[in-house]
Every structure is written in structure tokens, then in C-alpha cells.
1. Taking just the alpha-carbon atoms of the stretch 257-305, what radius of gyration and Dmax come out, in angstrom?
2. Which lysines have a Cα lying under 25 Å from the Cα of residue 28, excluding residues fewer than 8 positions away in the same chain?
3. Between residue 74 and residue 376, 0.36 nm times their residue separation minus their Cα-Cα distance comes to what?
4. Tell me which lysines have Cα within less than 16 Å of residue 157's Cα, excluding those fewer than 8 residues away on the same chain?
5. Can you give me the distance in nm between label points at residue 114 and residue 297, each placed 7 Å from the Cα along the Cα-to-Cβ direction?
6. R0 = 51 Å: FRET efficiency of residue 278 with residue 44, Cβ-based, nearest 0.05?
7. So if the hydrodynamic radius of the stretch 68-140 is defined as the Kirkwood radius over C-alpha pairs, what does Stokes-Einstein give as its diffusion coefficient at 4 °C and 1.567 mPa s, in µm² per second?
8. List the lysines whose Cα lies under 30 Å from the Cα of residue 263, skipping any in the same chain that are fewer than 8 positions away.
Amino acid sequence: MRSRQRMFAAVMRLLLKCLRLGRRRRFKLVRQVEQLWHYGHLCLHSLLYNSFTNSDVVLDSLFEPVYWLVDHVTRWFGVVFVALVIGLTSSIVAIVYICLLPLILQTYTPAWICWHLAYGHWNLIMIVFHYYMAITTSPGHPPQAKGSLTGVSICRKCIAPKPARTHHCSICNRCVLKMDHHCPWLNNCVGHYNHRYFFSFCLFMTMGCIYCSISGWEMFRDAYAAIERMKLLEKERLQVAANQTYYQTPPPTFSFQQRAFHKSVVYLWVLCSSVALALGALTLWHAALITRGETSIERHINKKERQRLQKKGKVSAACGAGGAGRGRARHDVHLPGLQVFKNPYSYGSWDNWKVFLGVDVPRHWLTRVLLPSPHLPHGTGLSWDLPPCVTEQRAPLLAI
């Protein structure tokens, strides 16, 4: 009896020891997992920590694959977009010459005929010239020799000095002088040397589309009504053909030439009106940027910098977004002791347009603006000295 009790007690002690040992091992494994988790979290945090990281940086990092895909698609489809612009423009010109011009010569008065011929051909020449120059002119790139250029920063992709107002184009894979944006419809960057050609093309294309839409409004209404009559007569013809007797004749049908004429007029008006709305909005946006002396990229940078300095209390929160360099063009009211954030490359609204268009003397408004002109812009894009057409010096401003 005693031997059984001793054996039972020994078995129980052994079982308790096993349970304690398993519990210790389990707790030790849990502690090891927790230590590995904290160590991995610390390593990840130390690798990704950046004091400048914010929500914008995180979103840019998340959308980086999307940016890469868009850049490569834009690069390969640039030729398709250029061919599309040429094809659509050529189709409108062909419709005007084949369908509308004979009608104009037959029905309009000599004064209106002269006006349409003069304005239409002038607008067409300006569109063709500026589009050709925009797609064939290089926007300008910094020199490859690193020792011959003093840059304000270093491009993190080219690993080379980057002059002021220069930015890296991920599609062209090069730095571009005074880069505004990469335009897929040009298959080219819009920069220092072709910015004027790009804006002039947008302006004259918008003017041409508005001209076609207004001039062809009455023709569009008549053509649309004719097409609706075609559809009704086609239904009647099919009904008569289904129930035709010996004494019944089907209603008359429109010829192929009449159908093509009416549909071409509708196509012309719809396309020109759509382009006028879309391209007109883009033209107004770039006109506002030119008035402020900014590019599309610089507007974003200046806005971010202005907000950063306002949070630090270094600039007035009531400052304007334009950046006019002249005192007479400024209407800012700011607190004493605070400076006004202004764009350092703005010379005032009027002078900004003169610098952009290259107008040095009054006759240049005719020879360089209203007529095709391949003149170069002011400066080389590497430095930004005061242009000769600007008569007043800029006031010292707090800006980037």
C-alpha cells in the first residue's frame, strides 16, 4: 500500500515538473517572438524614418508605380497623339475647302468672302507654324559638362548641377530648362525655347475653333435638321417597301453626296466646339501663369513654399499669389515686420507678357506676335538676368 502511494506521489511530482517546464518554454517562446517583433519594427522605423515625411510624400510613394506606367505610356504614345492632332486638323481643313468654301463663294457678299479668306488662311498659317515649331524645337537642356555650370541644386536623377527653374522630366529622362510640363500632344517637353510656340499654338487653335463654331452655327442647324429628316424618310421608305402595292411609289431618298455633306458639317461643328471648350480652358490657365511669371511646376512649388513660410510666421498670410514685381501692380496689405512672398521671376503683368513674347520694341507686336516669327526667347535658360524690355528694377522679395 505504501509502495503504491509512493509511486503515485512520484508520478504526480514528475507530471508537475513537466507542466512547469512546458509553461516556462512556452513563456520563453512568447518572449522571443515579442523581442523579434520589436526589433523588426525598430529596424523598419529606422530605415524609413524621415523628419520631412508627410502625407504628400506617402501618397507620392504609393503612386510611384502609377507615375512610372503613365510616363512610359506617354512616351510610347506621343507619336500617336501627334498623328491624331494632324489627322483631325487636316480633316477639318478638308471639310472647309471641299464643302463650305464653295457654299461661301456662292452665297456670301464680296466683303464677307474677303474677310473669311483672309482671317481663315492667316489663322491656319499661324496654327501650322507654331505647332511645327513646338514639336521640332528642343525645350533646352543644361550642358552635360559638370564643370562648366554653376547650379542652384543637384538633380537627384541626373546627378548633375541644375540651374534655376530647371526640372527633370521623367518621360524624356533629362533635365529641361524652365520646364512647364511634358505635352503628349507635342511628344515634347514645353520648356524655355518652345514655351512661346506651345502657348501660341493653343491660342490660335482655340481662336480657329471658335471661328469655325460661330461661322458654322447656322449650317450646323440646317445639317442637323436635314439628317433628322433623312432618318424619318428612311423609316417611311422601309414601311412603304414592306407594304408596297402596284400603284404606290417610295418617297425620294437623299443621295450619298448630300448625306456626306450634312454629316461633315455636323462633325466639323461638334469637333471644333469641343476643342474650343477644352483647349480654351487650358489656354486661359497658361495665360494666367504667364501673367504671374510662373510655370505650371513653379506655381505648385511657390504655393507649397508660401504655405510653409506662413506657418513659420515669416510672410504675411494676406499676400497675393501673383508675384507682380512692380510696386504699382501690388495691392497687398500685410502686418508690420512680415515680408510678402513674391515670385522672383515676375516683372509685373505687362512686362511678363513682353518678356514671354519677346517684344522689345512696339513693332514686334506685329512682326513677332501677329506674324510667324522664329525668334529666340530672352536669355539662355541658365541664368535669369533682367531682360532689356523691362524698364523697372525688381524690389527685393522673399521667395525661392
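The values are calculated or read from the model by the stated rules, or taken from the named source; none is laboratory data. Fair warning: this is a prediction, and the values are worked out from it, not measured in the lab. Counting neighbours? That spans all protein chains shown, and the Cβs are built from the backbone with ideal geometry, glycine included. Heads up: the accessible areas ignore ligands, DNA and RNA and are worked out on the full protein's heavy atoms, side chains in. Shrake-Rupley method; radii C 1.70, N 1.55, O 1.52, S 1.80 Å.
1. 18.5, 61
2. By straight Cα distance, residue 28 reaches 17.
3. This chain segment gains 105.9 nm when fully extended.
4. Result set, ordered by chain and number: 146.
5. That separation, rounded to one decimal, is 5.0 nm.
6. On the way: r = 46 Å, r/R0 = 0.90.
E(calc), rounded to 0.05, equals 0.65.
7. Values: Rh = 14.9 Å.
The calculation lands on 87 µm²/s.
8. Leaving aside lysines fewer than 8 places away in the same chain, those within reach of residue 263 are 231, 235.
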